[in-house]
Amino acid sequence: MAVKPAKIETLIVDVPTIRPHVLAMATMRHQSIVLVRIVGDDGVEGLGEGTTIGGLSYGDESPEGIKLAIDTYIAPVLAICDISRIAETTAKVARAVVGNHFAKCAVETALLDAAGKRLGVPVSELIGGGRVREGLPVAWTLASGDTARDIEEAERMLDARRHRIFKLKIGKRPVREDVAHVAAIKKALGERASVRVDVNQAWDEAAADLGMRLLFDAGVDLVEQPVARTAMGAMARLCARHALPLMADEALRGPRDAFAIACAAAARVFAVKIAQAGGLFAARDVAQIAHAADIGLYGGTMLEAGIGTAASAHLCATLPSLTWGTELFGPLLLTEEILAEPLTYANFELQVPAGPGLGVALDEDRVAFLRRDRTRTLHAAAAARS
Ligand code: MUC
Ligand code: MG
């Protein structure tokens, strides 16, 4: 029987981070999470999340823009769809809305969550050929901006058996200063941990040449997006010149980019991100192109909270090869949990939820308390009283 949407709701939730998160392009002190709730006329609810980093400093979709794209342009398309037919629905959305990958991913996630609940199966069973693993290795990002604090943080994570892969955010300081910071951390952690860096496009090719040589000598295992996402020629030349593997992140905005990068031999590893790719199915296609081209895979994050992280985990659980693990630690960077039951992190892994759909539920009271429009309402009420 066809299912029409009875309710489509979007809201922004602002949650502080546990410490400032220093990236090449922004310092995050909070995360703005866009949640989507789609309730079918059969009463089944699907949840999705569209979350980016640092407002508009990372990409060209902002939290406010994601919400607007869904409310104004995607919701009217959903209104005339049978939303239980996901491929048909997302194809109609794609015809009406160009780009806006984060917004589309949030909506597709909600449709998949509801479909899984209707069928009584996890989302991982609806994409790809089902699961090949139940737990995902999870990296942690050291980005306090301070070497001693980063080492102390890494030691705590190792002691707690939470993470033994560390990604360092660099690119803000001169290359040699950044590398000295990374080398000190790698020296302190030694063979107990894999140390990788993410430059978030901050270098030009000459800086990347110097940086990649020095990072390789320091024992670093991987460099993520050292140059601009459009600098495909430079990425290919860096791959050819350096033993240190280069991972594409910002350059990968879906299967067509994946194909172009594979053809140009411009990366040895892909960071697969569901939002950046435009949804779980598009991200699955990115992974399949990597597989066909002998490119390694890593489950990337946009520092999503529990809903987006669970969705990414379902996809990563289906990938036959996930050589570089994942960085699905988003909820752990936030001071507040918005899921009724937090995701489980133990023994250096994230457990992929097992229940129907995404297998997670929102803590509705927390969400009601944290939602941005509630704050506004309170401010407006206070202004009206004064
Ligand atoms: C990115 O560029 O990969 C992922 C982890 C983190 O700390 O920031 C990101 C985004
Ligand atoms: Mg990155």
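Every number in this text was worked out from the coordinates using simple rules, so none of it is lab data. On a predicted model such as this, the values are computed, not experimentally measured, just so you know. A quick note on method: Cβ atoms are made from the backbone with ideal geometry, for glycine too, and the neighbour counts reach across all protein chains shown.
Label-to-label distance for Arg133 and Gln288 is 2.1 nm, based on points extended 7 Å past Cα in the beta-carbon direction.
What number in nm² do you get for the chain if you take the convex hull of its Cα atoms and divide its surface by four? Working shown, then result.
Working: hull surface 76.6 nm².
Its average projected convex-hull area is 19.1 nm².
Between Arg156 and Arg241, the C-beta separation translates, for a Förster distance of 51 Å, into a calculated FRET efficiency of about 0.90. What's the angle, to the nearest 10 degrees (0 to 90), between helix 255-264's Cα axis and the longest principal axis of the chain? The angle comes out near 20 degrees.
Residue exposure proxy: Cys239, Cys263, ordered by other Cβ atoms within 10 angstrom of their Cβ from fewest to most, comes out as Cys263, Cys239. Return, ordered by residue number, the residues of the stretch 188-207 whose backbone nitrogen is under 17 Å from a label point located 7 Å along Cα→Cβ of Arg173. Backbone N within reach: 188-189, 196-200, 202-203. Summarise the long-distance tail of P(r) for the stretch 135-351 by giving the % of C-alpha pairs beyond 23 Å. Distances greater than 23 Å cover 44 percent of the Cα pairs. Partners of Lys186 within straight-line reach, counting aspartates and glutamates whose Cα lies under 16 Å from its Cα and excluding those fewer than 8 residues away in the same chain: Asp146, Asp150, Glu152, Glu153, Glu155, Glu177, Asp178, Asp198, Asp217, Asp221.
Given the chain, what percent of its DSSP beta bridges are antiparallel, to the nearest 5? The partial results should precede the final answer.
Details: 28 of 50 bridges.
Antiparallel: roughly 55 percent of the beta bridges in the chain.
As a proxy for reagent exposure, ranking Ile53, Ile74 by other Cβ atoms within 10 Å from fewest up yields Ile53, Ile74. Using only side-chain charges placed at the Cβ, +1 for Lys and Arg and -1 for Asp and Glu, the dipole size of the chain relative to its Cα centre rounds to 320 debye.
Between Phe369 and Leu210, the contour length at 0.36 nm per residue exceeds the Cα-Cα span by 52.4 nm. Between the listed residues Ala310, Ile53, Leu332, the Cα displaced farthest toward the positive end of the dipole of the chain, a dipole computed from Cβ unit charges relative to the Cα centre, is found at Ile53.
Add +1 for every Lys or Arg and -1 for every Asp or Glu among the other residues with Cβ under 15 Å from the Cβ of Ala313, and state the total. Mind dumping the intermediate values first?
Values: positive: Arg131, Arg133, Lys273, Arg284; negative: Glu49, Asp113, Glu125, Glu134, Glu304, Glu327, Glu341, Glu349.
Neighbourhood net charge equals -4.
Return the calculated 222 nm mean residue ellipticity for the chain, to the nearest 500 deg cm²/dmol, obtained by summing -39500 (n - 2.57) across DSSP H runs with n ≥ 4 and dividing by the residue count.
Details: 14 runs with 151 residues, N = 386.
Calculated from helices alone, the mean residue ellipticity at 222 nm is -12000 deg cm²/dmol.
Residues within the reach of a label modelled at Glu9 (point 7 angstrom out along Cα to beta-carbon, backbone nitrogen below 20 Å), restricted to the stretch 23-55, are 32-51. Going by alpha carbons, how many degrees (0 to 90, nearest 10) lie between the helix axis of 280-292 and the longest principal axis of the chain? It works out to around 30 degrees.
Taking all Cα pairs closer than 8 Å and separated by 6 or more residues, the relative contact order of the chain comes to 19 percent. Axis angle, to the nearest 10 degrees, between helix 205-217 and the longest C-alpha principal axis of the chain: 70 degrees.
Between the C-alpha center of the stretch 1-78 and that of the stretch 323-368 there is a gap of 16 Å.
Dipole of the stretch 234-359 computed with +1 at Lys/Arg Cβ and -1 at Asp/Glu Cβ about the Cα centre; of Leu358, Ala346, Ala260, farthest Cα towards the positive end is Ala260. Fewest neighbouring Cβ atoms within 10 Å first, the residues Phe102, Phe166, Phe369 line up as Phe369, Phe166, Phe102. Each of Arg95 and Ala265 was given a label point 7 Å from its Cα along the Cα-to-Cβ line. The distance between the two points is 4.2 nm. Using r as the Cβ-Cβ distance of Thr27 and Arg256, and R0 as 30 Å, what FRET efficiency do you calculate, to the nearest 0.05? Between Thr27 and Arg256 the formula returns 0.40.
Sorted by mean Cβ packing within 10 Å, highest first, what order do the peptides 54-60, 196-202 take? List each step's numbers first, then the result.
Values: 54-60: 16.1, 196-202: 25.3.
Highest to lowest by the protection proxy: 196-202, 54-60.
Looking at the P(r) of the stretch 5-120, how many percent of alpha-carbon pairs lie beyond 18 Å? Of the Cα pairs, 50 percent sit more than 18 Å apart. Each Lys or Arg adds one and each Asp or Glu takes one away; over the other residues whose Cβ falls under 10 Å from the Cβ of Leu358, this sums to -1.
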